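Accompanying notes for the structure given below.
The values are calculated or read from the model by the stated rules, or taken from the named source; none is laboratory data. None of these values were measured; they are calculated from a predicted model. Here Cβ is always computed from backbone atoms with ideal geometry, including for glycine, and neighbour counts include all displayed protein chains. All accessible areas refer to the heavy atoms of the entire protein, side chains included, with ligands and DNA or RNA removed. Shrake-Rupley method; radii C 1.70, N 1.55, O 1.52, S 1.80 Å.
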Protein chains: 2
Amino acid sequence: MFKIRSLVTALALAGSISVAFAWETLPTVAPAPEDNPTTAEKVELGKMLYHDPRLSSTGTVACASCHNTMLGGEDNRPNSMGVNGQTGGRSAPTVWNAAFNTVQFWDGRAATLEAQAAGPVTNPIEMGMKSWDDVVARLKTIEGYQVAFEQAFGKDAITQDNATKAIAAYERTLITPNSAFDKYVGGEKSALTAQQVKGMELVEELGCVSCHSGPALNGAGMFQRFPIHSNAFFAAKYHFKDDKGLAEVSKNPADEHLWKVPTLRNIALTAPYFHNGAAKTLEEAVTVMAKMQLDKDLSKEQVADIVAFLNSLTGEFPKQAMPTLPATPGKTFN
Amino acid sequence: MFKIRSLVTALALAGSISVAFAWETLPTVAPAPEDNPTTAEKVELGKMLYHDPRLSSTGTVACASCHNTMLGGEDNRPNSMGVNGQTGGRSAPTVWNAAFNTVQFWDGRAATLEAQAAGPVTNPIEMGMKSWDDVVARLKTIEGYQVAFEQAFGKDAITQDNATKAIAAYERTLITPNSAFDKYVGGEKSALTAQQVKGMELVEELGCVSCHSGPALNGAGMFQRFPIHSNAFFAAKYHFKDDKGLAEVSKNPADEHLWKVPTLRNIALTAPYFHNGAAKTLEEAVTVMAKMQLDKDLSKEQVADIVAFLNSLTGEFPKQAMPTLPATPGKTFN
């Protein structure tokens, strides 16, 4: 489709960019940690586990329920619905390109995809399993999983560690390259409209890229305070400060309202926005971010240009085969 | 894989069958009604709609949530979980081979797959949409559906009628042929174990096949009273009579406790059993059916033989491509 050129070349081609910010195309392969090299068998097992509602107490909620790989990798809800219709306070981040986050969860409390995958399964309002021991015990009763774990990890391999490794290995394949933006950065100048190029320049000039940098436009693991600036109107409307972010976990006042910088990739598909899903549209999100983070009031035209640019970040979604989940003869959930 | 032979040939090969019951293999193509011929475009659209949680009020429940095509076509629960964690009184029937039912729902209140598909979407405890007008209005906002409906049905085609036709067309492709049973009936005598053949003979001799007949072993649209016989112990344990079946809809006392005969295809995968999901295992279900319907007490060995036979009814599940659902830019659900 296109060749990733050097950044220098890309910037030279995108001649209208006035500041030498290093826009990067999305890699088509995600790096795997040394202790969990990606293999086809792990990916296949991980795909099964990821889509299996039997990883929840009620048998109704899979990872894919809230992080839907048939959609933009999440559920288009301000907060997700876990077992028994329960909802929490945060909006599900997209799983697409999560492999390019170096911290996971909105508050960045997990360092790896493997660590992240362990969390929701035993969260009482998400998948509601009492413990990973219960998950492992349930998986062990399913003959097809005995086979799939053995193929991926060897004999007697059904453990929490291997289940989360398999899920993470699958998630590393969920990459959406070849967006219009990537093509443009790769040298295909006609890939963006004039308005999108204007939006791209604005994003750079305004300083959005001081956080949203790197190939996934997520600061590659950066944390940032949100909101930085105060605004009584927005405070009353969006309640951003109700959730203390990283400090909820660390209990360190210095971490209050610190959040992982989220990816901008496919952001047109993942409304509503922010950690609490309080902004319904991209226009709203862009306006709020400029005001709360950069203390800037954007014109309607500027907002429209930036939104046009953000729409160019929607990538190509890989075709996937639907997994056939191993049956549980005689097993019931209630 | 195998050739469907004439029933006479099949029975001759299965020489040990003493009664001339016409066991039938499962067709690999389901007949479509005259006003909804199956086309690739309808099947593709139907697959998208079937897996799309945006057909529910909360954006969390798709047809596939309770009738899971990655599993045995249902959810292995006594009752399903609809929007906001609500549950009803009946167990989700499998969607696999539903094309071979001539009535749909446990109480047979829908005559076609098309009519069935309309029901759960606006059921307040299932998918919870206020009306099909609301569903149509929502689908019309999604550009990808505008395209997919046009490809399947022509211009300006987003209607309830077409949505349910597309879902039904997709469901007609959900067929699981080539079970061990089918191979055996088709002439491959080694496809069943000696115990499974014994179970098959028992099913015939006991009279199970007086209802569970036809290629889907569902009586091809037959209704039957359940339970027929009374048993105080089972009545106290299973509460089968709390639900009046067809009479709940028809309000006709003659229809009390009348139910559609469910398919036995893939029954090993669809625990728990009966309209209220009250029996957790196949052994339990077989024991109860013999007692309540045929007034027969089976020995443990007989139950085991029949269960072995029922396990031979698990077919081959077709490989499916995972649909990519058209995005809803800026759309949120809550």
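Per-structure values
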| read-out | value |
| --- | --- |
| Those residues of segment B:24-44 which are farther than 29 Å from B:A180 by Cβ, more than 14 Å from every other protein chain (Cβ to nearest Cβ) and not hydroxyl-bearing (S, T, Y), in sequence order | B:P33, B:E34, B:D35, B:N36, B:P37, B:A40, B:E41, B:K42 |
| Any pair with Cβ under 7 angstrom, 6 or more apart, that starts in segment B:67-85 at a residue that is under 17 Å from A:L55 (Cβ atoms) and at the interface with chain A (Cβ under 8 Å from one of its Cβ atoms) and ends at one that is among the charged types (D, E, K, R) and in a loop (DSSP other than H, G, I, E, B) | B:N68/B:E74; B:N68/B:D75; B:N76/A:K331 |
| Evaluation of B:T102 against (1) modelled with pLDDT under 95; (2) on the phi > 0 side of the Ramachandran plot; (3) of a type outside the set (G, A, S) (one fails), failing number | (2) |
| Residue satisfying all of: in segment B:46-66; outside any loop (DSSP other than H, G, I, E, B) and either facing another protein chain (nearest Cβ under 7 Å) or not hydrophobic (A, V, I, L, M, F, W, C) (or both); farthest from the chain's Cα centre (by Cα) among these | B:R54 |
| Qualifying positions in segment A:144-192 - within 30 Å of A:N311 (Cα to Cα) and not in a helix (DSSP H, G or I) | A:R172, A:T173, A:L174, A:I175, A:T176, A:P177, A:N178, A:S179, A:G186, A:G187, A:E188, A:L192 |
| Residues of segment A:145-158 classified as free of Cβ contacts under 8 Å to residues at least 24 places away in the same chain and loosely packed, with under 15 Cβ neighbours inside 10 Å, total | 3 |
| Residue that is nearest to the other protein chains (Cβ to nearest Cβ) [pool: residues in segment B:86-100 that are polar (S, T, N, Q) and over 8 Å from the mean Cα position of the chain (by Cα)] | B:Q86 |
| Residue that is modelled with pLDDT of 95 or more and not in a loop (DSSP other than H, G, I, E, B), where the choices are A:D305, A:D297 | A:D305 |
| Scan of segment B:25-82 for residues that are under 15 Å from B:L174 (Cβ atoms), open to solvent by 10 Å² or more (accessible area, probe 1.4 Å) and of a type in the set (D, E), ordered by number | B:E44 |
| B:I142 being at pLDDT below 95, aliphatic (A, V, I, L, M) and open to solvent by less than 50 Å² (accessible area, probe 1.4 Å) | yes |
| Residue within segment B:238-250 that is in a helix (DSSP H, G or I) and crowded, with 23+ Cβ neighbours inside 10 Å present | yes |
| Residue in segment B:221-244 that is assigned by TED's automatic domain parsing to the domain that holds B:A278 and in contact with a Ser or Thr (Cβ under 7 Å, 6 or more places away or on another chain) present | yes |
| Breaking point among (1) of a type outside the set (F, W, Y); (2) within 19 Å of B:C208 (Cα to Cα); (3) open to solvent by less than 40 Å² (accessible area, probe 1.4 Å); (4) within 14 Å of chain A (Cβ to nearest Cβ), for B:V261 | (4) |
| Selection count where residues are touching a strand residue (DSSP E or B) at 6+ places or on another chain (Cβ under 9 Å) and part of a helix (DSSP H, G or I), scope segment B:81-100 | 4 |
| Extreme residue, nearest to the chain's Cα centre (by Cα), among residues of segment A:101-139 that are surrounded by fewer than 17 Cβ atoms within 10 Å (Cβ to Cβ) and part of a loop (DSSP other than H, G, I, E, B) | A:T102 |
| Enumeration of residues in segment A:193-234 that are open to solvent by 50 Å² or more (accessible area, probe 1.4 Å), more than 18 Å from A:G108 (Cα to Cα) and not in a loop (DSSP other than H, G, I, E, B) | A:A194, A:Q195, A:K198, A:E205, A:S210, A:A232, A:F233 |
| Answer from B:V185, B:V136 - the residue that is assigned by TED's automatic domain parsing to the domain that holds B:L246, among the aliphatic types (A, V, I, L, M) and touching a residue at least 24 places away in the same chain (Cβ under 8 Å) | B:V185 |
| Lone unmet requirement of (1) more than 18 Å from A:L71 (Cα to Cα); (2) within 13 Å of chain B (Cβ to nearest Cβ); (3) in contact (Cβ under 8 Å) with a residue 60 or more places away in the chain for A:H275 | (2) |
| Matching residues in segment A:122-147 - criterion: being of a type in the set (A, V, I, L, M) and farther than 13 Å from A:A163 by Cβ | A:I125, A:V147 |
| Subset of segment A:36-56 (residues that are more than 20 Å from B:A62 (Cβ to Cβ) and in contact (Cβ under 8 Å) with a residue 24 or more places away in the chain) | A:N36, A:T38, A:T39, A:E41, A:K42, A:V43, A:E44, A:L45, A:G46 |
| B:T281 being within 12 Å of chain A (Cβ to nearest Cβ), in contact (Cβ under 8 Å) with a residue 12 or more places away in the chain and not hydrophobic (A, V, I, L, M, F, W, C) | no |
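Per-residue answers, yes or no, for (1) within 8 Å of chain B (Cβ to nearest Cβ); (2) open to solvent by 10 Å² or more (accessible area, probe 1.4 Å):
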position	(1), (2)
A:N266	no, no
A:V288	no, no
A:Q302	no, yes
A:L313	no, no
A:E316	no, yes
A:A321	yes, yes
